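Take a look at the structure below.
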Amino acid sequence: MAYVLVLNSGSSSVKFQLVDPAGEATDAPLVSGLVEQVGEPMGAVSVTVGGQEHREELEIPTHSFGLERAFAIMGEHNVGPTDVEVIAVGHRVVHGGKLFSEPQLIVDEIESMIEDLIPLAPLHNPANLDGIRVARAMLPDIPHVAVFDTAFFNHIPPAAALYAINSEVASQYDVRRYGFHGTSHEFVSQQVPKLLDKDPATVNQITLHLGNGASAAAIRHGRPIDTSMGLTPLAGLAMGTRCGDIDPGIIFHLVRQAGMSIDEIDNLLNKQSGVKGIAGVNDFRLLRQRIEEQDQDAWLAYNIYIHQLRRFIGSYMIALGRVDAITFTAGVGENDTEVRQDALYNLDMYGIHFDKEANLVRSKEPRMISTADSPVKVFVVPTNEELAIAQKSAAVAAQARAEGLY
Ligand code: ADP
């Protein structure tokens with residue numbers, strides 16, 4: 001069987017999976033793993049093969065050291081990159097800017113284009129690039145492919161993509177809405193027409209990716225027309241630790257009145273806000289527990305989260321005019337029955353007939369949680385970004401081989 005090695009490199013971590021691109025969305029990967037705390041005094045490499053985790057704790061000075069250790073552990077279980085057939089390495093890249101609307105075969109020129117995009121994603125793209133360089137050096141004979149989180153939203157219409165700010169400044173500094181979680185919104189939205197038994201070219205839908213980061217997308221006939229994240233992944237819905245949409249004047253207020261620096265505000269809004277900033281926790285399982293214990297802050301955080309979610313659902317219904325389906329995905333969207341119910345509570349007059357019983361069913365399969373005759377159908381569709389990256393990377397690699405490049 002042929003596999004794609006999918007890599008998601010962060011500043012101090014690398015997540016990886018060996019994925020069968022021909023597999024089903026619910027299939028477990030052959031291998032999954034994580035290198036964490038790179039550059040810290042103590043780090044860890046964990047590799048899960050056949051449901052069994054193999055973990056080592058050691059100092060990991062660099063990404064390449066960590067990946068080499070991971071490959072060695074994989075090799076000890078006969079599933080290393082040289083033991084199985086790896087047809088491509090798929091790299092998740094956060095920011096593709098205006099440049100990329102499709103996955104790219106990584107050659108030196110693509111690497112430098114990703115480098116040029118660093119000002120738009122100063123925390124993410126350098127880490128993604130590190131991962132690309134390390135993996136290309138380690139596996140030089142395999143095609144490497146960059147799959148961009150922004151690509152799906154590359155062509156949203158100008159009225160949604162551009163901000164009402166001075167256009168000279170906006171164009172000089174590439175200020176516009178790029179959107180993120182594109183691989184997930186695309187993957188999930190492509191499954192909905194099949195569930196509706198309709199031609200994708202006729203389907204209007206809203207997809208809600210609710211993980212630790214969260215975003216909404218409005219999709220008309222397979223193409224996104226709006227999304228909640230913006231220049232950065234900070235915008236839109238209230239999230240686990242990010243604030244989502246706020247009055248930009250708050251930033252000036254904090255600079256002037258609290259004497260905070262830009263970096264302090266960046267940290268506050270990205271890491272100490274959202275549900276965590278109000279309730280002290282960002283995991284929805286803990287939040288739910290606190291709500292059950294009558295914790296008022298947890299209750300308030302939850303209500304802000306739901307209020308913001310309903311705002312986006314409402315505005316996307318208007319933007320789309322007619323909506324065939326609303327779909328929940330990612331950690332919270334797939335698992336938290338109450339978030340789904342509260343997000344769509346009392347919307348029958350808008351054609352959303354929520355099915356409370358169906359909503360309580362736990363499953364890893366896509367499923368409908370509205371009544372069968374609801375004009376707007378509601379679904380839960382598990383996302384699988386790694387499978388989507390594997391499929392895109394396999395296709396680009398096949399093309400590269402057909403062109404005799406590998
Ligand atoms: P990310 O990829 O952004 O880290 P995920 O899509 O994996 O996010 O979602 C992680 C979040 O999903 C957790 O922080 C937690 O809030 C939520 N989550 C996971 N499992 C459950 C569950 N059983 N019930 C409620 N929320 C859950």
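Among 142-151, 253-262, how do they line up from the highest to the lowest mean number of other beta-carbon atoms within 10 Å?
Ranked by mean Cβ neighbours within 10 Å, highest first: 142-151, 253-262.
Just the accessible area per residue of the range 194-385, please: how many Å² with a 1.4 Å probe?
49 Å²
Shape call for the range 297-406 from the C-alpha gyration tensor, a ≥ b ≥ c root eigenvalues: rounded (a/c under 1.5), prolate (a/b greater than b/c) or oblate?
prolate
For labels at Ala358 and Glu24 in the simple 7 Å Cα→Cβ model, what's the distance in nm?
Here the modelled spin labels are 2.0 nm apart.
Would you mind pulling out the separation of the Cα centroids of the range 353-376 and the range 241-276, in Å?
When both Cα centres are located, 38 Å separates them.
In whole percent, and with a 1.4 Å probe on the protein chains, what portion of the accessible area of the chain is carbon and sulfur?
About 51 percent, which is the carbon plus sulfur part of the accessible surface.
Going through the range 86-144, which trypsin sites (Lys or Arg not before Pro) have at most 16 other Cβ atoms within 10 Å and a DSSP loop state?
Lys98
Nearest 5 percent is fine: what portion of the DSSP beta bridges confined to the chain is antiparallel?
65 percent
Run through the DSSP bridge list for the range 290-406 and note the antiparallel percent, rounded to the nearest 5.
Of all bridge pairs located within the range 290-406, approximately 40 percent are antiparallel.
Tell me the mean residue ellipticity at 222 nm calculated for the chain from its helices only (DSSP H runs of n ≥ 4, each -39500 (n - 2.57), averaged over every residue, nearest 500).
Helix-only estimate at 222 nm: -11500 deg cm²/dmol.
By the gyration tensor of its Cα atoms, with a ≥ b ≥ c the square roots of the eigenvalues, what is the shape of the range 2-148: rounded for a/c under 1.5, prolate for a/b over b/c, or oblate?
The shape class here is oblate.
The values are calculated or read from the model by the stated rules, or taken from the named source; none is laboratory data. Everything numeric here is computed off the predicted structure, so don't read it as measured data. Virtual Cβ from ideal backbone geometry, glycine too; neighbours counted across all protein chains shown. Calculation scope for accessible area: heavy atoms of the full protein, side chains included, ligands and nucleic acids excluded. Shrake-Rupley method; radii C 1.70, N 1.55, O 1.52, S 1.80 Å.
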